[in-house]
Amino acid sequence: ISFRRFWPPRNGLGSIPVLVVCNGMPRAGSTLQWNLVCELAEATGYGAPIGATALDSISQDGVDAASRGERIYVVKQHDVWPGLIERVQRNEPGIRVCYIYRDLRDVAVSMQNKWSRTWEALLQALDEAVTAYEALVVDP
């Protein structure tokens with residue numbers, strides 16, 4: 001991963017602050033992805049994690065403030081925050097999304113092993129994950 005290509009360059013005029021959203025299906029490796037992005041942000045001095053949280057749990061004002069801050073902030077989520085879709089579609093400079101994808105069969109086995117879900121609950125969780133993926137990655 002090259003932060004110099006992913007993040008806007010720092011220059012005498014300042015840099016464009018970024019809210020990095022690490023997103024992915026549950027049980028797809030999103031925690032590993034989040035940890036790697038946080039490590040890179042901290043090691044390069046570009047930013048710091050906000051926390052492993054769904055964006056629904058922080059206010060819209062909090063998201064806006066983070067995307068306008070002086071550092072890069074990294075957030076992990078599985079759901080798609082509704083305001084994120086519009087920002088991605090408008091190609092706003094303050095938002096970056098890292099999406100991790102894993103074969104649905106692997107996700108299903110991992111979910112079943114971790115949570116022992118019923119077949120119906122497993123299908124519903126997979127359907128929700130695919131819907132979030134399509135909204136964030138395919139549609140924009």
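The values are calculated or read from the model by the stated rules, or taken from the named source; none is laboratory data. Please read all numbers here as calculations on a predicted model, not as lab measurements. Cβ coordinates were reconstructed from backbone atoms using ideal geometry, including for glycine residues, and neighbour counts include every protein chain displayed.
Numbers for the structure displayed
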{"quantity": "Qualifying residues in the stretch 96-137 (those that are part of a helix (DSSP H, G or I) and among the β-branched types (Val, Ile, Thr)) - the one modelled with the lowest pLDDT", "calculated": "VAL137"}
{"quantity": "Any hit, the stretch 65-73, residues being of a type in the set (Val, Ile, Thr), surrounded by 21 or more Cβ atoms within 10 Å (Cβ to Cβ) and modelled with pLDDT under 75", "calculated": "no"}
{"quantity": "Residue among PRO140, PRO93 that is under 16 Å from the mean Cα position of the chain (by Cα), modelled with pLDDT under 80, surrounded by 12 or more Cβ atoms within 10 Å (Cβ to Cβ) and more than 25 Å from ASN35 (Cα to Cα)", "calculated": "PRO140"}
{"quantity": "Pairs where the first residue, in the stretch 117-128, is closer than 16 Å to ALA28 by Cβ and the second is of a type in the set (D, E, K, R), C-beta under 9 Å, 6+ apart", "calculated": "ALA125/ARG117; GLU128/ASP79"}
{"quantity": "Evaluation of GLU39 against (1) buried (at least 18 other Cβ atoms within 10 Å of the Cβ); (2) under 14 Å from VAL20 (Cβ atoms); (3) more than 12 Å from the chain's Cα centre (by Cα); (4) at pLDDT 85 or above (one fails), failing number", "calculated": "(1)"}
{"quantity": "Qualifying positions in the stretch 42-61 - at pLDDT below 75, surrounded by 14 or more Cβ atoms within 10 Å (Cβ to Cβ) and not in a strand (DSSP E or B)", "calculated": "TYR46, LEU55, ILE58"}
